[in-house]
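Reviewing the structure listed below.
The values are calculated or read from the model by the stated rules, or taken from the named source; none is laboratory data. Quick caveat, the model's predicted, so the values are computed rather than measured. In this analysis, Cβ positions are derived from the backbone assuming ideal geometry, glycine residues included, and neighbour counts consider all displayed protein chains. Accessible surface is based on the protein model in full, side chains and every heavy atom, while ligands, DNA and RNA are left aside. Shrake-Rupley method; radii C 1.70, N 1.55, O 1.52, S 1.80 Å.
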Amino acid sequence: MAFVGEKLGAMFQRPQDENRDDVPWYMRYGARALGTVGGGFAILLGIWNCLGIMLADVGCLFGGTFQVIAGIVAIAIEAPCCCMFIEHIQTLSNFMENRPYWNRAALYCGIAIPGILFCFGLGSLFGSGLIFATGVMYGMMGLGKK
């Protein structure tokens with residue numbers, strides 16, 4: 001019975017603990033900086049896309065709203081010091097910090113796609129593209145040295 005417990009414990013062990021040392025420091029800080037800057041650009045360009053409602057373009061309103069939400073999520077996870085007046089941001093950031101890199105990669109790539117799909121334009125492509133690039137960097141970090 002102890003053998004089953006050890007096997008289950010090994011399955012649920014966090015894989016990022018052994019892979020965190022393999023990732024170079026410039027990749028970690030580069031992904032964090034890209035996520036922070038990309039989140040800022042996503043918020044600004046998402047607001048710009050939301051102004052498309054003046055031209056009766058409802059798709060760009062939805063795309064801009066998704067892009068603003070994605071930017072806020074990216075900044076909240078990567079730079080919680082920018083959102084220090086919101087109570088539970090630090091717990092969200094700590095939760096995501098303890099997750100494997102591929103979880104962050106899936107999150108960032110997943111939240112970047114709806115903004116581009118609803119309103120395909122230069123603003124949404126650049127704003128959501130930076131968040132998607134952050135997801136790609138975390139995906140590369142999750143793969144590690146192979």
Check your understanding: under 19 Å from D22 (Cβ atoms) and modelled with pLDDT of 90 or more - does that describe any residue in segment 105-123?
Key -> yes
Point to revise | Residue match in segment 106-127 (condition: out of contact with any Lys or Arg (no Cβ under 6 Å at 6 or more places or on another chain), assigned to a helix (DSSP H, G or I), more than 16 Å from G64 (Cα to Cα) and open to solvent by 40 Å² or more (accessible area, probe 1.4 Å)) | key: yes
Review point. What is the one condition in (1) within 15 Å of the chain's Cα centre (by Cα); (2) over 30 Å from L55 (Cα atoms); (3) open to solvent by 70 Å² or more (accessible area, probe 1.4 Å) that T134 does not satisfy?
Key: (3)
Point to revise | Residue among A106, A79, A56 that is at positive phi and of a type outside the set (K, R) | key: A56
Practice item. Return yes when V68 is modelled with pLDDT of 85 or more, farther than 20 Å from A31 by Cβ and aliphatic (A, V, I, L, M) and no when it is not. Key: yes
Check your understanding: Does segment 83-100 hold any residues that are open to solvent by 20 Å² or more (accessible area, probe 1.4 Å) and not in a helix (DSSP H, G or I), and which are they?
Key -> M84, F85, I86, E87, H88, N98, R99
**Study point:** Residue list for segment 137-146, restricted to those being surrounded by fewer than 18 Cβ atoms within 10 Å (Cβ to Cβ) and either under 12 Å from the mean Cα position of the chain (by Cα) or not in a helix (DSSP H, G or I) (or both)
**Key:** G139, G144, K145, K146
